[in-house]
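The values are calculated or read from the model by the stated rules, or taken from the named source; none is laboratory data. Everything numeric in this text was worked out from a predicted model, so none of it was measured. Here Cβ is always computed from backbone atoms with ideal geometry, including for glycine, and neighbour counts include all displayed protein chains.
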């Protein structure tokens, strides 16, 4: 299935919210990156406005991330995972939520820097795959990737994504969230066992694909290239599946050069699109 007749889509818009950033050498972001050039990484969420309700794709770093990080991140990983939080983004988002309450949080996966803000939205239903939930909640969940206290509370309103056997673009399964073609989820395992990606299709004809952490930069899809091997060892669940996901998104980019591909941590790519409070329609 492909997008057809975008003018028939509902009035949907999206905005990228940079909740924090980190800085390291480009070489750590992707294999083949420069050892002399610094690169900024973003911790971002995507806010989508739909006539049936606003939702977040990932939460970025939430209000309580400092405490979560200090209490749960292994000491040897803290230098690698350090971040600078953007309090201004939280203030702006709080104002936005007063006008458009967040009814749903859809998570690309449950790693700590994507699920940190779940408890900031206690009324929201939280969507993930059963596979990702079971892995994240299990005793084998890797240290430094998952912080179970972020999502283990009984108050979290879970909903498990059930993909349908409906091909969408070059994905074999999909879920049309609102049944109107505006927001479509697809499985994207590799970086995490139950990771997902999201298409947002706008009435203007603009299209976004949120690629989670399949790669940390657009270069990962363009070259293509994995993360630097140490980075991949620390964060990727299955390198072979991750490579398959990279190639799948690369083919998507080649077929639709105008599509906005958004890796969650690529500050440069996100900055070229624009950050919250700017919305795209």
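So here's what we get for this one:
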{"item": "Hits in the range 120-152 (condition: loosely packed, with under 14 Cβ neighbours inside 10 Å, out of contact with any helix residue (DSSP H, G or I) (no Cβ under 8 Å at 6 or more places or on another chain) and closer than 25 Å to residue 93 by Cα)", "result": "122, 123"}
{"item": "Condition broken by residue 280, with the remaining ones in (1) within 17 Å of the chain's Cα centre (by Cα); (2) surrounded by 16 or more Cβ atoms within 10 Å (Cβ to Cβ) satisfied", "result": "(1)"}
{"item": "Those residues of the range 55-82 which are buried (at least 19 other Cβ atoms within 10 Å of the Cβ) and outside any helix (DSSP H, G or I), in sequence order", "result": "55, 56, 57, 58, 59, 60, 61, 62"}
{"item": "Residue match in the range 96-105 (condition: touching a helix residue (DSSP H, G or I) at 6+ places or on another chain (Cβ under 7 Å), in a helix (DSSP H, G or I) and surrounded by fewer than 20 Cβ atoms within 10 Å (Cβ to Cβ))", "result": "no"}
{"item": "Hits in the range 153-169 (condition: in a loop (DSSP other than H, G, I, E, B) and surrounded by 12 or more Cβ atoms within 10 Å (Cβ to Cβ))", "result": "156, 161, 163, 166, 167, 169"}
{"item": "Count of the range 43-54 residues which are touching a strand residue (DSSP E or B) at 6+ places or on another chain (Cβ under 9 Å) and assigned to a loop (DSSP other than H, G, I, E, B)", "result": "3"}
{"item": "Qualifying residues in the range 194-214 (those that are in contact with a helix residue (DSSP H, G or I) (Cβ under 6 Å, 6 or more places away or on another chain) and buried (at least 17 other Cβ atoms within 10 Å of the Cβ)) - the one farthest from residue 253 (Cα to Cα)", "result": "194"}
{"item": "Residue list for the range 245-267, filter: surrounded by 15 or more Cβ atoms within 10 Å (Cβ to Cβ) and assigned to a helix (DSSP H, G or I)", "result": "245, 246, 248, 249, 250, 252, 253, 267"}
{"item": "Matching option when the condition is closer than 27 Å to residue 194 by Cα and without any contact (Cβ under 8 Å) to a residue 60 or more places away in the chain, among 56, 52, 47, 61", "result": "61"}
{"item": "Condition check for residue 32: surrounded by fewer than 19 Cβ atoms within 10 Å (Cβ to Cβ) and either touching a helix residue (DSSP H, G or I) at 6+ places or on another chain (Cβ under 7 Å) or on the phi > 0 side of the Ramachandran plot (or both)", "result": "yes"}
{"item": "Close pairs (6 angstrom Cβ cut-off, 6 or more residues apart or separate chains): part of a helix (DSSP H, G or I) in the range 231-244, surrounded by 16 or more Cβ atoms within 10 Å (Cβ to Cβ) and modelled with pLDDT of 95 or more anywhere", "result": "231/28; 232/226; 241/189; 241/190; 242/190; 242/191; 242/236"}
